[in-house]
Amino acid sequence: MNFTVIEIVHLWADSRGTVIDMVFPSKGKIYVCCEADLSKEAKKVCSFMTLVVKQPWTFQMQRNDDKYWITFFPEKISLDNLFA
């Protein structure tokens with residue numbers, strides 16, 4: 001069974017119940033709006049996505065008012081980090 005990155009993020013969001021408000025993709029990134037700091041979980045999700053889709057993914061988290069925004073995006077691969 002093959003999964004896409006957006007499917008993996010949706011599965012994670014569904015498992016978090018009401019903590020995650022919305023998930024939406026835009027221009028090669030996936031944005032997640034949540035009510036709690038889920039950065040530790042986001043790190044695990046990135047590791048899983050990297051394993052499944054065979055491309056490194058990372059995330060960035062920002063706090064805006066009382067909401068947290070997690071942005072998942074693919075890492076750029078260069079010769080420097082490919083052999084590091």
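The values are calculated or read from the model by the stated rules, or taken from the named source; none is laboratory data. This one's a predicted model, so the numbers in the text were calculated from it and none came from an experiment. Note: ideal-geometry Cβ built from the backbone for every residue, glycine included; neighbour counts use all protein chains shown.
Of the numbered criteria (1) under 19 Å from residue 11 (Cα atoms); (2) modelled with pLDDT under 95; (3) outside any strand (DSSP E or B), the one residue 22 fails is (3). Do the conditions hold for residue 36, that is, is it surrounded by 15 or more Cβ atoms within 10 Å (Cβ to Cβ), among the aliphatic types (A, V, I, L, M) and free of Cβ contacts under 8 Å to residues at least 40 places away in the same chain? Answer is no for this residue. Contact map, the range 46-60: first residue free of Cβ contacts under 8 Å to residues at least 40 places away in the same chain, second residue surrounded by 15 or more Cβ atoms within 10 Å (Cβ to Cβ) and part of a helix (DSSP H, G or I), Cβ cut-off under 7 Å, separation 6 or more or different chains; pairs are 56/50; 58/46; 59/42; 59/46. Cβ-Cβ contacts under 8 Å between residues 6 or more apart (or on different chains), taken from a first residue in the range 1-25 that is farther than 16 Å from residue 50 by Cα to a second residue that is surrounded by fewer than 18 Cβ atoms within 10 Å (Cβ to Cβ) and of a type in the set (Gly, Ala, Ser), are listed as 19/36.
Test of understanding: among 58, 50, which residue is part of a strand (DSSP E or B) and surrounded by 11 or more Cβ atoms within 10 Å (Cβ to Cβ)?
Details: 50 fails: part of a strand (DSSP E or B).
None of the other options fit; the residue is 58.
Of all residues in the range 25-47, those satisfying the criterion of being closer than 16 Å to residue 75 by Cβ and assigned to a strand (DSSP E or B) are 29, 30.
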